[in-house]
Amino acid sequence: MPSSPPSSPEPGPARAAVRRIGLFVLVGGASAAVDFVVFLGLTHIGLVAWAGSAVSFLVAFAVNYRGNRDLVFRAGAVPGALRRYVVLVAFNWVASTGLVALGTAVGLPGWAAKLVSMVLIAAFNFAALRAWVFKRR
């Protein structure tokens with residue numbers, strides 16, 4: 001009598017970490033695309049780079065929060081997560097705007113300063129989202 005195949009085990013911690021990082025990159029890519037396209041559009045119509053960055057960063061808020069909450073960290077309704085996320089976004093907004101202002105002040109084109117700020121903010125965000133925003137208490 002043939003036996004049924006064993007059920008597939010739950011993914012191990014390494015596989016779960018790779019999955020989480022992959023989804024974080026996907027959600028971050030979608031957020032970054034929204035952020036960058038809005039930034040380019042605003043600077044194209046004449047807004048200075050730092051102001052365009054400030055506005056475009058805020059526009060990408062919803063894509064990033066829901067994607068990270070629902071897909072990356074599968075956090076659902078973690079008490080206080082939205083409040084902590086808003087604090088993180090406020091910090092990131094100031095940091096992003098400041099990094100773009102600093103980059104353009106030292107001679108980088110606005111788009112290059114924006115890209116540098118996006119990479120630095122993304123690395124910081126993964127750690128903060130995992131350890132603080134969506135951490136189950």
Looking at residue 102 and the list (1) surrounded by 14 or more Cβ atoms within 10 Å (Cβ to Cβ); (2) under 24 Å from residue 21 (Cβ atoms); (3) not hydroxyl-bearing (Ser, Thr, Tyr), which single condition is not satisfied?
(2)
Test: residue in the range 65-80 that is of a type in the set (Ser, Thr, Tyr), out of contact with any His (no Cβ under 7 Å at 6 or more places or on another chain) and farther than 22 Å from residue 23 by Cβ:
no
Tally up the residues in the range 92-133 that are under 13 Å from the mean Cα position of the chain (by Cα) and among the aromatic types (Phe, Trp, Tyr), please.
3
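In the set 90, 128, which member is out of contact with any strand residue (DSSP E or B) (no Cβ under 9 Å at 6 or more places or on another chain), of a type in the set (Gly, Ala, Ser) and either surrounded by 13 or more Cβ atoms within 10 Å (Cβ to Cβ) or outside any helix (DSSP H, G or I) (or both)?
From the options 90, 128, the qualifying one is 128.
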Consider residue 69 against the criteria (1) outside any helix (DSSP H, G or I); (2) surrounded by 15 or more Cβ atoms within 10 Å (Cβ to Cβ); (3) of a type in the set (Lys, Arg): it satisfies all of them except one. Which criterion is unmet?
(1)
Give me a count of the residues in the range 72-86 that are assigned to a helix (DSSP H, G or I) and surrounded by 14 or more Cβ atoms within 10 Å (Cβ to Cβ).
4
Here's a check for you: in the range 18-36, which residue that is within 18 Å of residue 58 (Cα to Cα) and touching a residue at least 12 places away in the same chain (Cβ under 8 Å) is surrounded by the most Cβ atoms within 10 Å (Cβ to Cβ)?
35
Can you tell me which residue in the range 99-114 is nearest to residue 32 (Cα to Cα), limited to those that are free of Cβ contacts under 8 Å to residues at least 40 places away in the same chain and assigned to a helix (DSSP H, G or I)?
112
Residues that are modelled with pLDDT under 90, part of a helix (DSSP H, G or I) and among the small types (Gly, Ala, Ser), drawn from the range 55-66
62
Does the range 81-94 include one or more residues that are under 14 Å from residue 35 (Cβ atoms), at pLDDT 95 or above and of a type in the set (A, V, I, L, M, F, W, C)?
no
Looking at (1) at pLDDT below 95; (2) part of a helix (DSSP H, G or I), can you tell me which one residue 40 breaks?
(1)
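The values are calculated or read from the model by the stated rules, or taken from the named source; none is laboratory data. All of these numbers come straight from a predicted model, not from anything done at the bench. Heads up, the Cβs are rebuilt from the backbone with ideal geometry, glycines too, and the neighbour counts pull from every protein chain shown.
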